[in-house]
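Enquirer: The structure's right below; bear with me while I get my questions together.
The values are calculated or read from the model by the stated rules, or taken from the named source; none is laboratory data. Just so it is clear, the structure is predicted and the values come from calculations on it, not from any experiment. Please note: Cβ atoms are built from the backbone with ideal geometry, for glycine as well, and neighbour counts cover all protein chains shown. Accessible surface is based on the protein model in full, side chains and every heavy atom, while ligands, DNA and RNA are left aside. Shrake-Rupley method; radii C 1.70, N 1.55, O 1.52, S 1.80 Å.
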Amino acid sequence: MKFTYHNPTRLIFGAGTLAQLGTEARAYGKKALLVTGGGSIKRNGTFQRAVASLEQAGVSWAECSGVEPNPRLSTVKRGAGIAKEEGCDIVVALGGGSTMDAAKVMAAAVFYEGDPWDMMVHRGENRRKPERALPIVTIPTLAATGSEMNGGAVITDEATTVKSFVVAECLYPKVSVVDPELAASVPADQTAYGVCDLITHVTESYFNGVDGTPLQDRIAEGIIITAMEWGPKAVVNGHDVEARAQVQWASTVALMGVAQVGSNAAFPVHIIEHSLSAHHDIAHGAGLSIVSPAWMRFAARSRPERFAQFAQRIFGIPFQKDNAAEAAAEGIGRFEAFLRTIGCPTRLSEVGIGEELLERYAKDSLLIASDAEGRLPGRPPMSASDIVETLRSVL
Ligand code: NZQ
Ligand code: ZN
């Protein structure tokens, strides 16, 4: 295990912290590009409170509204254009992961010569990584992606229906104001998808990382158990502020790097899911809840002990070396059942996806990352036909 870890984001967490937005933002700029989604925050009053806080602190703003779920390249370009025209010196994202991701890439696109799509990863590499961005402040309104405390962003090029990501130092928010009360209005289905997303952020590194990371294993298990305890409460009663707080914190910790550090893990489930949401515009967490158990069944064939450990530590399923495969299968089944209990889909047909484009999803996944043998990195690596068969198993 060998690594460098640095997370520069200042995190302000807790119910009511939205009121601090203005003073926090004012430390970095005077005029904000205020990036927002499809309107939920205007209906629930969050937008009005955020604007009041900014104005009170002397921060003026220009809005880029309408960031769509699975944010598009054209939206990023539009936002960067507004920031330049309006002379914004800071970017404030108020919304879910889509809004935060779009805002991050807008902040970099302001300084970027050429097409912002070149920032994104293709075949495991950035054509040109962004090195500079306007200061970014994020206020998540939904617990899922962890974008509020990482340097990643995921964008779809709608012209080619390819969804890719960028990770860069300059994309870490300077400050994140994480007020779990803001998620009270998130509908039950999106809440459940967020729970699945945050769990998948740690299962990716748990199952695909290098051996010999026992502390990271325990961090991941703690996050999964916490999400499985508090997630259903937030799904059942969105106004349960305690449940919202625990899920929000779990989602931040799940992808702020501590669970992944030193693991050198590929994220195959994410890359496959991104190919689905790029084509069908489904919620990322819903796609993950279909792909993740299917991928686990595929990967458990080559490493049953690892999945038996997951079964034992998360679900209390006992195992010995000679019954690891059965314990692994039982654990994966229990995980899939949990996802169903909270209302997540586990079959492609539930989100309107058939078998027509299975090869295309495999091809698109390999376009984002592939090893020397043309396989999707992970443990084990997947050939195009492995991806097709894995998806076929959950039609
Ligand atoms: O746009 P509005 O009207 O706000 O509605 C949104 C949207 O319809 C709604 N919503 C958000 N906050 C709400 C709310 N509705 C009521 N009350 C609130 N407080 O929820 C819907 C989904 O929002 P979205 O931002 O798309 O969801 P999420 O946070 O799950 O973000 C998904 C995107 O993030 C990417 C995904 O690929 C996807 O594009 N990811 C980003 C990552 C990162 N930057 O680190 C990592 C993830 O693995 C993921 O890939
Ligand atoms: Zn995710």
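Enquirer: Run the dipole for the stretch 10-183 about the Cα centre, Lys and Arg Cβ at +1, Asp and Glu Cβ at -1, nothing else charged, and hand back the magnitude in debye, nearest 20.
Expert: Working: 19 positive and 19 negative charges, 13 e Å.
Here the size comes out at about 60 debye.
Enquirer: Could I ask something else about it? At 1.567 mPa s and 4 °C, plugging the Kirkwood radius over alpha-carbon pairs of the stretch 188-392 into Stokes-Einstein gives what diffusion coefficient in µm²/s? Provide the component values of the computation, followed by the final result.
Expert: Working: Rh = 17.1 Å.
Translational diffusion coefficient: 76 µm²/s.
Enquirer: Rg to Rh for the stretch 158-203: what is it, with Cα atoms only and Rh by Kirkwood?
Expert: Working: Rg = 14.7 Å, Rh = 13.9 Å.
That ratio equals 1.05.
Enquirer: How large is the convex hull of the C-alpha atoms of the stretch 15-83 per residue, in Å³?
Expert: That works out to 92 Å³ per residue.
Enquirer: Also, I was wondering about something else. Straight-line reach from LYS2: which aspartates and glutamates have a Cα under 14 Å away, not including same-chain ones fewer than 8 places off?
Expert: In chain and number order, the partners are ASP211.
Enquirer: List, largest first, the extents of the alpha carbons of the chain along their principal axes, each in whole Å.
Expert: 66, 44, 43
Enquirer: Cα extents of the stretch 175-298 along the three principal axes, largest first, in whole Å?
Expert: Projected onto the principal axes, the Cα atoms of the stretch 175-298 cover 40, 36, 30 Å.
Enquirer: Excluding ligands and nucleic acids, what accessible area in Å² is computed for ASP322 using a 1.4 Å probe, to the nearest 10?
Expert: Rounded to the nearest 10, the figure is 140 Å².
Enquirer: Rg to Rh ratio, the stretch 189-245, alpha-carbon atoms and Kirkwood radius? Could the numbers behind the result be given before it?
Expert: Working: Rg = 12.8 Å, Rh = 12.0 Å.
Ratio of gyration radius to Kirkwood radius for the stretch 189-245: 1.07.
Enquirer: Still on this structure, please answer the following. I'd like the carbon and sulfur percentage of the solvent accessible area for the stretch 188-392, probe radius 1.4 Å, heavy atoms only, ligands and nucleic acids excluded.
Expert: On the way: 4110 of 7680 Å².
With neighbouring chains kept in place, the figure for the stretch 188-392 is 54 percent.
Enquirer: So, one more: Roll a 1.4 Å probe over the protein chains and send me the accessible area per residue for the stretch 37-117 in Å². The partial results should precede the final answer.
Expert: Details: 3080 Å² over 81 residues.
Normalised by residue count, the accessible surface of the stretch 37-117 is 38 Å².
Enquirer: What is the Cα centroid distance between the stretch 186-225 and the stretch 4-47, reported in whole angstrom?
Expert: 25 Å
Enquirer: Among HIS201, HIS122, what's the order by accessible area (1.4 angstrom probe), most exposed first? Walk me through the intermediate numbers first.
Expert: On the way: HIS201 5, HIS122 35 Å².
Output order, biggest surface exposure first: HIS122, HIS201.
Enquirer: Over all directions, the average projected area of the alpha-carbon convex hull for the stretch 1-137 comes to how many nm²? Write down the numbers at each step before the final one.
Expert: Working: hull surface 38.9 nm².
The number I arrive at for the stretch 1-137 is 9.7 nm².
Enquirer: For the chain, give the magnitude of the charge dipole about the Cα centre (Cβ charges: +1 Lys/Arg, -1 Asp/Glu; no others), in debye to the nearest 20.
Expert: Rounded to the nearest 20 debye, it is 500 debye.
Enquirer: Could you sort 236-245, 278-287 so that the peptide with the highest average Cβ count within 10 Å comes first and the rest follow in order?
Expert: Ranking the peptides 236-245, 278-287 by packing returns 278-287, 236-245.
Enquirer: Still on this structure: Taking only Cα atoms, what is the 0 to 90° angle, nearest 10, from helix 188-208's long axis to the longest principal axis of the chain?
Expert: Compared with the principal axis, the helix lies near 60 degrees.
Enquirer: Report the one residue of VAL154, TYR112, GLY79 whose Cα lies farthest in the direction of the positive end of the charge dipole of the stretch 47-200 (charges on C-beta: Lys and Arg +1, Asp and Glu -1; origin at the Cα centre).
Expert: In the stretch 47-200, that residue is TYR112.
Enquirer: Same structure again: How tilted is helix 73-86 with respect to the longest principal axis of the chain? Cα atoms for both, answer in degrees (0 to 90, nearest 10).
Expert: Here the helix axis deviates by roughly 20 degrees.
Enquirer: Counting heavy atoms of the protein chains only and a 1.4 Å probe, report the per residue accessible area for the stretch 188-392 as a whole number of Å².
Expert: Normalised by residue count, the accessible surface of the stretch 188-392 is 37 Å².
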